[in-house]
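Enquirer: Structure in C-alpha cells, see below.
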Amino acid sequence: MGEGSRGCSMVEKVVFCLFLVQQLKMGYATIYNVGDELGWTFNVSSWPIGKNFHAGDILAFNYTPSTHNVVEVDKVGYNWCLINPIEATVHHSGKDQMKLVEGMNYYICSLPGHCQMGMKLAINATSSS
C-alpha cells in the first residue's frame, strides 16, 4: 500500500469483529420446548431450572388442544391461578409460541384445576445484550 493509504489497525479489526458477534447474538432467539419431550403438562414449574432465558427467546407450548390451554398472566394471576377475562388471551392451538420479554413472564393453564395442580410456569428473562 502507498504511504497515503491507511489500512485498519488490529485493534479496529478486533472491535469490528466483536461488534459483528454481538449483532449476531442479538439476532438469534433460542426456541425452548416447554416441558421438553413431555410438553406443556402438569408439574412443569421446575422445568426452567438450569436454563438461561433471554428477552426475545421463544417458548413453544406443545399440548393436546382439547385438554389444555396457555394464558399469559401477571404475578397475581400466577400466584392465585386467575386470569383477567378482559385482558387475557387464551391460546389453545396446541402449538403456541410466546416471545419472552425482559423480566418475569408468567403462564398458566386456565382449565379448571389445572393451574392449581401445577400447570403453571414462571420464567425470568434477562436482557439479550
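Enquirer: Looking at the stretch 39-46, can you tell me whether even one residue there is more than 14 Å from residue 118 (Cα to Cα) and of a type outside the set (Ser, Thr, Tyr)?
Expert: At the first step, the residues of the stretch 39-46 found to be more than 14 Å from residue 118 (Cα to Cα) are none.
So far as the stretch 39-46 goes, no, none of its residues is more than 14 Å from residue 118 (Cα to Cα) and of a type outside the set (Ser, Thr, Tyr).
Enquirer: Kindly establish whether residue 128 is at pLDDT below 95, in a loop (DSSP other than H, G, I, E, B) and closer than 25 Å to residue 54 by Cβ.
Expert: yes
Enquirer: Please specify each residue of the stretch 80-113 satisfying the condition of being surrounded by 13 or more Cβ atoms within 10 Å (Cβ to Cβ) and more than 16 Å from the chain's Cα centre (by Cα).
Expert: 81, 82, 83, 88, 90, 92, 94, 109, 110, 111 - these are the residues of the stretch 80-113 that are surrounded by 13 or more Cβ atoms within 10 Å (Cβ to Cβ) and more than 16 Å from the chain's Cα centre (by Cα).
Enquirer: For the stretch 32-74, enumerate the residues that are surrounded by 14 or more Cβ atoms within 10 Å (Cβ to Cβ) and without any contact (Cβ under 8 Å) to a residue 12 or more places away in the chain.
Expert: Selection gives 38 alone.
Enquirer: Now a separate question. Restricting attention to strands (runs of 3 or more DSSP E) lying wholly within the stretch 1-114, give those where 2 or more residues are acidic (Asp, Glu), in contact with a strand residue (DSSP E or B) (Cβ under 8 Å, 6 or more places away or on another chain) and at pLDDT 95 or above. Walk me through it before giving the result.
Expert: Working: elements: 31-33, 58-62, 70-73, 95-99, 103-108.
Of the strands (runs of 3 or more DSSP E) lying wholly inside the stretch 1-114, none has at least 2 residues that are acidic (Asp, Glu), in contact with a strand residue (DSSP E or B) (Cβ under 8 Å, 6 or more places away or on another chain) and at pLDDT 95 or above.
The values are calculated or read from the model by the stated rules, or taken from the named source; none is laboratory data. All figures in this text were calculated on a predicted structure; none of them were measured in a lab. Glycine gets a Cβ as well: all are built from the backbone with ideal geometry, and neighbour counts include every protein chain shown.
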